[in-house]
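Just so it is clear, none of the values below were taken in a lab; they were calculated from the coordinates. What you see is a predicted model; the values in this text were computed from it and never measured. Don't worry about glycine lacking a Cβ; one is built from the backbone with ideal geometry, like all the others, and counts go over all protein chains shown.
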Amino acid sequence: KGAIDKVTEAARQLHKELKEAGLRVHIDERDVRPGVKYYDWELKGVPLRLELGMRDIESGKITLVRRDIGAKSLNDRSRAVDEVKDMLLTIAMEMLARAQKEMDENVVTVDSLDNLPSKMIRTAWCGSEECGHEIETRSDKNILGMPIIDEKYDGKCVICGKPTKTPVYLANAM
């Protein structure tokens, strides 16, 4: 067998193993340069790219490349399924942590609608439609919504003063 056939066969076997493990996988068998393939899959947002060549096959290794930070790691082929699952979990957790950090840095909690910063605002709202309209009018921002996950929050509606345990998020419309 030629080298291309061996690599294709090894890639298809790995594809089968990853699919059986419940992962969504695609083999790019196009006859184009590797850089073109890498770029195309990065544009599609694929979080993890697996690279497999003759040297990898001969050494029993596989290369994993993270899209989010560009890091490459050489892993044992025999542990490919576990390594891929672990890496995807790590990517998801790190992306969530970065997003949470960025949100925390860009959200300001206020108890008054006076002198609002240009950032996203978190404030108390009783939930009434009238107070919601008044918040939007006075703040010149749009209500984005309330948290999906319960947040520990005690406040008084910035319009009517009623106690509430639910914050509302506001921001400038795009």
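For Lys19, a cut-off of 28 angstrom between C-alpha atoms picks up these lysines, skipping any fewer than 8 places away in its own chain: Lys1, Lys6, Lys37, Lys44, Lys61, Lys72, Lys85. Here Lys156 is the anchor, and the lysines within straight C-alpha reach of less than 17 Å, apart from those fewer than 8 places off in the same chain, are Lys165. Contact order, relative form, for the chain: 14 percent (alpha carbon pairs under 8 Å, 6 or more residues apart, mean separation divided by residue count).
Computed about the Cα centre, the dipole magnitude for the range 110-171 is approximately 180 debye when only Lys and Arg (+1) and Asp and Glu (-1) carry charge, each at its Cβ.
Between Arg33 and Ile91, what is 0.36 nm times their sequence separation minus the Cα-Cα distance? Round to one decimal in nm. Before the final figure, lay out the partial values.
Numbers: separation 58, 0.36 × 58 = 20.88 nm, distance 2.67 nm.
This chain segment gains 18.2 nm when fully extended.
Listed by chain and number, the lysines whose C-alpha is less than 18 Å from the C-alpha of Lys141, apart from same-chain residues fewer than 8 away, are Lys119. Give me the percent of Cα-Cα pairs in the range 99-174 that sit more than 13 Å apart, rounded to a whole number. Result for the distance tail: 63 percent. For the range 110-171, the relative contact order comes to 44 percent (Cα pairs under 8 Å, sequence separation of at least 6).
Calculated FRET efficiency, Ile149 to Arg49, Cβ-Cβ distance, R0 = 41 Å: about 0.80 to the nearest 0.05. Projecting label points 7 angstrom from Cα along Cα→Cβ for Ala171 and Asp140 puts them 1.9 nm apart. When you restrict to C-alpha pairs under 8 Å that are six or more residues apart and normalise by the size of the range 1-83, the relative contact order lands at 23 percent. For the chain, a simple Cβ point-charge model (Lys and Arg +1, Asp and Glu -1, everything else neutral) yields a dipole of about 600 debye relative to the Cα centre. Candidates Asn75, Cys126, Val110 compared by Cα position along the dipole of the chain: farthest toward the positive end lies Asn75, with charges placed on Cβ.
Stokes-Einstein diffusion of the chain at 37 °C, 0.692 mPa s viscosity, Kirkwood radius from Cα pairs, rounded to a whole number: 163 µm²/s.
Please state the charge dipole magnitude for the range 3-102, taken about the Cα centre, from unit charges on C-beta atoms (+1 on K and R, -1 on D and E), reported in debye and rounded to the nearest 20. Walk me through the numbers before you get to the answer.
On the way: 20 positive and 19 negative charges, 34 e Å.
It comes to approximately 160 debye.
Each label point was placed 7 Å from the Cα along the Cα-to-Cβ direction; for Met120 and Val25 their separation is 3.6 nm.
How would you order 32-41, 115-124 from highest to lowest mean count of nearby Cβ atoms within 10 Å? Don't skip to the end; give the middle numbers.
On the way: 32-41: 11.9, 115-124: 16.0.
Ranked by mean Cβ neighbours within 10 Å, highest first: 115-124, 32-41.
For Val107 and Gln13, a Förster radius of 45 Å and the Cβ-Cβ distance give a FRET efficiency of 0.40, rounded to the nearest 0.05. Evaluated at q = 0.10, 0.13, 0.20 Å⁻¹, the base-10 log of the normalised Debye intensity for the range 3-102, with identical point scatterers placed on the Cα atoms, takes the values -0.28, -0.47, -1.10.
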